Structure formats: C-alpha cells, structure tokens
Amino acid sequence: MTENLIIFNARLVTPTGFTARRGKEMGKLLVLDDATIEVTDGLITYVGPNRGEKRDGYYQHYWHYNARGRCVLPGFVDSHTHLVFDGERAEEFGRRLRGESYMSIMQSGGGIVSTVKATRTSSHIRLRNRAEDLLKQMSQMGVTTVEAKSGYGLDKETELLQLKVIRCLDNDERKRVDIIPTFLGAHAVPEEYRGRTDDYVDFLIREVMPAVRAQHLAEFCDVFCEEGVFSIEQSRRLLTAARDMGFRLKLHADEIVSFGGAELAAELGAVSADHLLHASDEGIRRMAESDVVATLLPLTAFALHEPYAPARQMIDAGCAVALATDLNPGSCFSGSIPLTFALACIYMHLSIEEAITALTLNGAAALGRADRIGSIEPGKQGDLVVLNTNNYHFLTYYIGMNCVQATIKGGIIHPN
Ligand code: NIG
Ligand code: FE
C-alpha cells in the first residue's frame, strides 16, 4: 500500500546519491531547513524549499504533514538480522556472563544449534507472529527495510519454512517494513552432519539452494565463514555455487578470529562482508578497492564483550561502511537502532553524520538497493523517519532512547 503525502516545514537531513558513499563522503549530509518532501504513490517526487501547501489545488489529493522544523531523515535500513526463529537462549546468555565464550558454548552443542531445535519444531504461524512483533518494534525506531536470514533450520524443510515466513511478512499489504530474504543454510553444521562439514556443504549446494532459487525465496546467500564453522575453502565453494545459481553474496566474516573473510568477500565480489571485528589490514585494503560494503554490527561486539570493528581505519582507507543490528537470539538479542547509533559514535568513533549514512544509504547499498532507498531524493521510495527534535545529534546523544516521532513507509504515516 502506498499514499500521496506532502511534508512541509521539515529540517531535511539526508545523504545523497544512488550508490554507497565511501571514505570521507560518508560524513557529507544534505541539511535543508524549511523543506518540502512530496511523495506520490509511495515514491518521492519533490525535495526542496517549501512550496505552497495549496499549489494549484494540486495537494488536495495528498495527506499533509507539518514537520514544524523537526528532522526528517531517510528510513533506516537494517541490512543484517536473523529475525525469524523460535525459542530463546537466556540461559546461554547467563553462561556467557559467567565467563564462557560464544564459541565454546556452540562447540558444546548449544548456541545456534539450540535455536535450530526450537525452530524445527515450530510452525509458520508461530514464527510469523514472533517476527511480526520484532518488526513492529523496529519500525517504531525508524526502520523501513530489514534483511532477514534463514539459518535456524539447517534442513531443507525448515530453511524453506523460514524463507516462506519472510516472504509472507513482506507480502503483507499492511506491512511497515520491507523484508529482504537471505539464505543462510551455512550458518552452522547440524547434528546429523557433525564431523562431515563438506558433506553438508554438498547437501546445501545440491538439494537446498536449487529449491530456494526455484521458488524465488532468497535474493542473497550468506555463510558463517569462521574458524571451526565453515573454512575459507568451504565458504568459497558454497558461495561460488550460489553465485552461479544467481544469488548475490554476503559473508559473516572475521567475527571471532582473523580468518581472511574480508579478502574472500572482495575476491568473490560479495555485496557485503559483515561483522569484521578482526578484519586484517589486507582485508580492509581489498574491501576499499572493491564494491564490498563493510557492514559493522556494534551491538554484537557489545553483547559478546569483544573489541569493536576498526570502523575508523576502514573509513579512512576508503571503505563504504554500513551499520546494522544483527538481531538474533544468541550473540545479540537486540534490534536497537538508538543503541547502534550510540555505540558506533562513542566506541567506533564514527561521526553522527557518518553513522546516519551507514544506517541509510550504505545499508541500502549492502542490500543492492541504493538506487531505490536510503536517501531522500526524487525517484526513491517514500520511506522516511521524523524525529521529535530539530537536532539530529539526538540520535546518539539521547543514548539508547528513541527520538523517532513517526515512521513513514511508502508515504503512509505510522506515528509512535
Ligand atoms: O551474526 N555468527 C553467526 N551468526 C549470528 C549469531 C547467531 C546465533 O547465535 O544464533 C551472528 O552473530
Ligand atoms: Fe549475523
């Protein structure tokens, strides 16, 4: 569903362009006071100085919204989530607080595999309801597009089920958030393949990925490329096959140890490499020279008590950096946009302007959609956030608190 909408008296705050902003360009925003934004049939048709509310009677078919000087930004794009799952892992979180590591819990049969057990015995309706609750909260924090991964089935039936739930959420007429599906069958090795990782990769390539493609259930293919999970060679084999089938590529790269994931992303022409806490200097250089978007997930580093990804080094090297939440039931049970902003600026030393670009235009680029979303410009979707303040610094300064007054999706206003 879409609408016609005219917003006037806005303080417009937006990156500009139809591709990712990299390096220094990330800090450049267009800020325009007394601005009008016109949305026609869900698409932005005018952005600029205020123009008459009553222009030639033209706007009688438009909803009117007086922003009263408050900031209007592009809708936030959360380009990395694991939104669809059943069960919870609060007990595992307690074990981590007592000193166990994420990987040792995973290797002792907990972690991702425990969510797999809960998801395999769940149902379409349960998975959908739970994801819908999360999406509503994300929308209230200004999110208008999310990516959502499978990866809690690890068998053909449940992987397809997760992706069908994602499709169903995206097809909902009343949806407040667009959902982009990613196949992450290579998230962990399921119990039935324990010790036979290569066989599991073969199974994904032979039996699951062709079914996902045939039913158009996922646009991207992702892999947890990590020591003790999927090796560089296994990841390369899986992603090369995925690329041949028409998937676009993503990687969980260099999250726990420095492993060569960023280099592999550049080699394969992945759309994004995500996490990158331990990306090597060479990996950063290779990403800066390529079109790979470096997607950083500060909430996960925070929750795992790990060092933050070297965001400053990446931006200074000329990378295009995106920020996302990584919402999932294990390493990071949070989809908090306010906390993502705060951590990115306080601990990763992004400027607020860079963080805004990272959560809008570069998030869009990490989903191959910078031509359609991520900035406020004619031709893009009418996906916007209205803050309750005329000062966009509140996005970080108002720490962990929500300063979103309304989220606008395709010209439809959803007030908080
Ligand atoms: O991005 N690292 C792998 N995947 C997720 C965690 C998923 C889970 O623990 O359930 C991540 O951190
Ligand atoms: Fe993840």
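The values are calculated or read from the model by the stated rules, or taken from the named source; none is laboratory data. Because the structure is predicted, anything quoted here is derived from the model rather than measured. No Cβ is skipped: glycine too gets one built from the backbone with ideal geometry, and neighbour counts run over all protein chains shown. Just the protein is used for accessible areas: all its heavy atoms, side chains included, with ligands, DNA and RNA removed. Shrake-Rupley method; radii C 1.70, N 1.55, O 1.52, S 1.80 Å.
Of the candidates ILE373, ILE37, ILE105, which one comes out as most mobile in a Gaussian network treatment of the chain with C-alpha springs shorter than 10 Å? Between ILE373, ILE37, ILE105, it is ILE105 that shows the largest mean-square fluctuation.
Applying 0.36 nm per residue to the separation of ARG206 and SER104 and subtracting their alpha-carbon distance, the gain on full extension is 33.7 nm. The string of couplings for region 96-108 from the Karplus curve (6.51, -1.76, 1.60, θ = phi - 60°) is 5, 4, 8, x, 6, 9, 4, 6, 5, 5, 5, 6, 8 Hz, one whole number per residue in order, with x for Gly and Pro. Cross-linked pairs LYS175/LYS250; LYS164/LYS250; LYS24/LYS164: Cα-Cα separations exceed 31 Å for LYS24/LYS164.
Computed extension gain for ASP33 through GLU192, at 0.36 nm per residue and net of the alpha carbon distance, reaches 51.3 nm. Can you tell which of LEU276, LEU184, ALA309 lies farthest toward the positive end of the dipole of region 76-365, using +1 and -1 charges on the Cβ of basic and acidic side chains (Lys, Arg; Asp, Glu)? Of the candidates, LEU184 comes out farthest on the positive side. Taking all Cα pairs closer than 8 Å and separated by 6 or more residues, the relative contact order of region 95-201 comes to 27 percent. When you filter the trypsin sites (Lys or Arg not before Pro) in region 192-230 for DSSP loop state and at most 13 other Cβ atoms inside 10 Å of their Cβ, you are left with ARG194, ARG196. Applying 1/(1 + (r/R0)^6) with R0 = 25 Å to the Cβ-Cβ distance of SER334 and ASN390 gives a FRET efficiency near 0.35. The charge dipole of the chain, taken about its Cα centre with unit charges on the Cβ of Lys, Arg, Asp and Glu (plus for the first two, minus for the last two), comes to roughly 880 debye.
In percent, rounded to a whole number, the relative contact order of the chain is 23, using alpha-carbon pairs under 8 Å and six or more apart. Within the listed set GLU38, GLU377, GLU173, the residue fluctuating most in the Gaussian network model of the chain (springs between alpha-carbon atoms under 10 angstrom) is GLU173. With K and R counted +1 and D and E -1, the other residues having a Cβ less than 12 Å from that of GLY75 yield a net charge of +2. Of the accessible area of the chain, with the probe set at 1.4 angstrom, what percent is carbon plus sulfur? Summing carbon and sulfur atoms, their accessible area is 51 percent of the total for the chain. On average, how much accessible surface per residue is there in the chain, in Å², for a 1.4 Å probe, leaving out ligands, DNA and RNA? Per-residue value: 38 Å². A Gaussian network model of the chain, with springs between Cα atoms under 10 Å, assigns the largest mean-square fluctuation among LYS24, LYS149, LYS250 to LYS24.
For the chain, the 222 nm mean residue ellipticity estimated from helices alone, with every DSSP H stretch of n ≥ 4 adding -39500 (n - 2.57) and the total spread over all residues, rounds to -9500 deg cm²/dmol.
Within region 41-120, report the trypsin sites (Lys or Arg not before Pro) that DSSP leaves as loop and that have at most 16 other Cβ atoms within 10 Å. Taking region 41-120 and a limit of 16 other Cβ atoms within 10 Å, the loop trypsin sites (Lys or Arg not before Pro) found are ARG51, LYS54, ARG68, ARG98.
Across the chain the C-alpha pair distances fall into 20 Å bins from zero in the proportions 29, 58, 13, 0 percent. Only beta bridges with both residues in the chain are counted; by DSSP, about 45 percent of them are antiparallel.
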